[in-house]
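Peer 1: Take this structure, written in structure tokens, and hold onto it; I'll ask about it next.
None of the figures in this text is laboratory data; all of them are computed from the coordinates on show. Note that the structure is a prediction, hence the values are computed from the model and not measured. Quick reminder, even Gly has a Cβ in these numbers, built from the backbone with ideal geometry, and neighbours come from all protein chains shown.
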Amino acid sequence: MPGKILIVGGDSEIAAATAEHLRAAGFGVAATTRRLEQVASGRPFLDLGQPVEAWQAPDGITAACFCAAIARLADCARDPEGSARVNVAGTVALADRLLARGIPVLFLSTDKVFDGSRPQMPADTPPCPVSEYGRQKAAAEAALGERMRAGAPAAILRLAKVVSPGMELLRQWIASLRDGQPIRAFNDMMMAPTPVALVAEAIERLLKEPNTGIYQLTGPRDLAYSEVALRLAHWFGADAALVEAVSAYSAGLPAGSTAPHTTLDSRALRERYAIAAPDAWDVIDELIESCL
């Protein structure tokens, strides 16, 4: 019989898709929220920015997935101390409490633990982050790595750009193009898109049996956001001149936003579970159709 999964940080798109996927697979799910108005049965309150020593996990939990994070690079750069309380201190403290009860944990991490200097970064490459967010995720990884080496049932899943049907950015671009209005798209920010449904499947497989080590899941190649915008213009027969290619730094984004590569070597998931992201353009075309 499937067990009961604790999703730490149930308010994100990845967490919501994972909870739906797990329930459909027969798992019980408790997904935490830090929004008091969302607290309900199966939605316990938890704020990793506050002390977690007194927090009690729901009864019957058999594994936990950590989705909670302050994930915007700008937010972490603006408040490194506050974001680290969530992304490092609170995360590690709660993981330790769960591991002490024998509950396996899966920590969702990011390609931003690397500098993006080359594609298909192997999982065993030493972290080399250039953003505050990447440094915080690398610190949490290092702490969990110590627990893994001591025999704790912990695993890490690194992701890059995860996309959901009806992606809001594409909807905004579509609306502008239909009105003949220009759109601005970054020519120096890359994505290797992975469908959120595939991420949910990978999380399920990694939680179904005890796992240790580092896994990675990204699309097989990178696209610039400006390339995606031009693809969208082509779909609608819009003038390509409506796509204004600009630097991400023109929007005030912090260091680490323009890594030339976001792809990660995902062979471990492919070889062990036959999980692999489709080609980037196939993912983008499906996204566009979902936004029509």
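Peer 1: Placing one identical point scatterer on every Cα of the chain and ignoring solvent, what is log10 I(q)/I(0) from the Debye formula at q = 0.09, 0.15, 0.16 Å⁻¹?
Peer 2: -0.44, -1.20, -1.33
Peer 1: To continue, here is another question. Using only Cα atoms, figure out Rg for the stretch 1-45 and give it as a multiple of 2.2 N^0.38 Å.
Peer 2: Numbers: Rg = 10.0 Å, N = 45, 2.2 N^0.38 = 9.3 Å.
Compared with the compact-globule rule of thumb, the stretch 1-45 sits at 1.08.
Peer 1: OK, next. Hey, fewest Cβ within 10 Å first, where do Tyr249, Tyr215 land in order? Show your work: numbers first, answer last.
Peer 2: Values: Tyr249 14, Tyr215 24.
Going from least to most buried by this count: Tyr249, Tyr215.
Peer 1: In terms of Cα to Cα distance under 25 Å, which lysines are near enough to Lys161, apart from those fewer than 8 places away along the same chain?
Peer 2: The qualifying lysines are Lys112, Lys137, Lys208.
Peer 1: What's the center-to-center distance, using Cα atoms, between the stretch 78-157 and the stretch 238-292 in Å?
Peer 2: 23 Å
Peer 1: Tell me the angle of helix 132-149 to the major Cα principal axis of the chain, expressed in degrees between 0 and 90 and rounded to the nearest ten.
Peer 2: Rounded to the nearest ten degrees, it is 30.
Peer 1: Taking neighbour Cβ counts within 10 Å as the exposure measure, how do Thr258, Thr125, Thr18 sort from fewest upward?
Peer 2: Working: Thr258 17, Thr125 13, Thr18 29.
Result, fewest neighbours first: Thr125, Thr258, Thr18.
Peer 1: Can you tell me the 0 to 90 degree angle between the C-alpha axis of helix 168-178 and the longest principal axis of the chain, rounded to 10?
Peer 2: In the chain, helix 168-178 runs at an angle near 10 degrees to the longest axis.
Peer 1: Which value, in Å to one decimal place, does the Kirkwood hydrodynamic radius take for the stretch 77-168 when every pair of different Cα atoms is included? Mind dumping the intermediate values first?
Peer 2: Working: mean 1/r = 0.0703 Å⁻¹.
So the Kirkwood estimate lands at 14.2 Å.
Peer 1: Would you compute the Debye intensity of the stretch 196-292 from its alpha-carbon atoms alone, equal scatterers and no solvent, and pass along log10 I(q)/I(0) at q = 0.17, 0.22 Å⁻¹ to two decimals?
Peer 2: The computed values of log10 I(q)/I(0) come out as -0.93, -1.17.
Peer 1: Take the Cβ-Cβ distance between Ala276 and Ala54 as r, set R0 to 45 Å, and report the resulting FRET efficiency rounded to the nearest 0.05.
Peer 2: On the way: r = 42 Å, r/R0 = 0.93.
After rounding to 0.05, the efficiency reads 0.60.
Peer 1: How would you rank Ser247, Ser266, Ser226, going from fewest to most other Cβ atoms within 10 Å of each one's own Cβ? Spell out each step's value before the answer.
Peer 2: Values: Ser247 13, Ser266 25, Ser226 19.
Final ranking by Cβ density, sparse to dense: Ser247, Ser226, Ser266.
Peer 1: While we're looking at this one, here's another question. At each listed q (0.16, 0.20, 0.22, 0.28 Å⁻¹), what is the log10 of I(q)/I(0) that the Debye formula gives for the stretch 193-250 modelled as equal alpha-carbon point scatterers?
Peer 2: Log10 of I(q)/I(0), two decimals: -0.70, -0.84, -0.91, -1.13.
Peer 1: Quick one: net charge of Cys291's neighbours, Cβ under 13 Å, K/R +1, D/E -1?
Peer 2: Numbers: positive: Arg171, Arg178, Arg231; negative: Glu168, Asp285, Glu286, Glu289.
That works out to -1.
Peer 1: In addition: Can you tell me what share of the DSSP beta bridges in the chain is antiparallel? A percent to the nearest 5 is fine.
Peer 2: Details: 3 of 34 bridges.
Of all bridge pairs located within the chain, approximately 10 percent are antiparallel.
Peer 1: Under a point-charge model restricted to the Cβ atoms of Lys and Arg (+1) and Asp and Glu (-1), what is the dipole moment magnitude of the stretch 25-94 relative to its Cα centre, in debye to the nearest 20?
Peer 2: Details: 6 positive and 7 negative charges, 36 e Å.
Taking the Cα centre of the stretch 25-94 as origin, the dipole is about 180 debye.
Peer 1: Local charge sum around Val243 (other residues, Cβ-Cβ under 15 Å, Lys/Arg +1, Asp/Glu -1)?
Peer 2: Details: positive: Arg178, Arg184, Arg231; negative: Asp179, Asp188, Glu227, Asp239, Glu244.
For residues surrounding Val243, the net value is -2.
Peer 1: Using only Cα atoms, tell me the angle between helix 13-24 and the longest principal axis of the chain; keep it within 0 to 90° and round to the nearest 10.
Peer 2: 60 degrees
Peer 1: While we're here: Using all C-alpha to C-alpha distances in the stretch 178-218, build P(r) with 10 Å bins and read off the rounded percent in each one.
Peer 2: 20, 32, 23, 16, 8, 1
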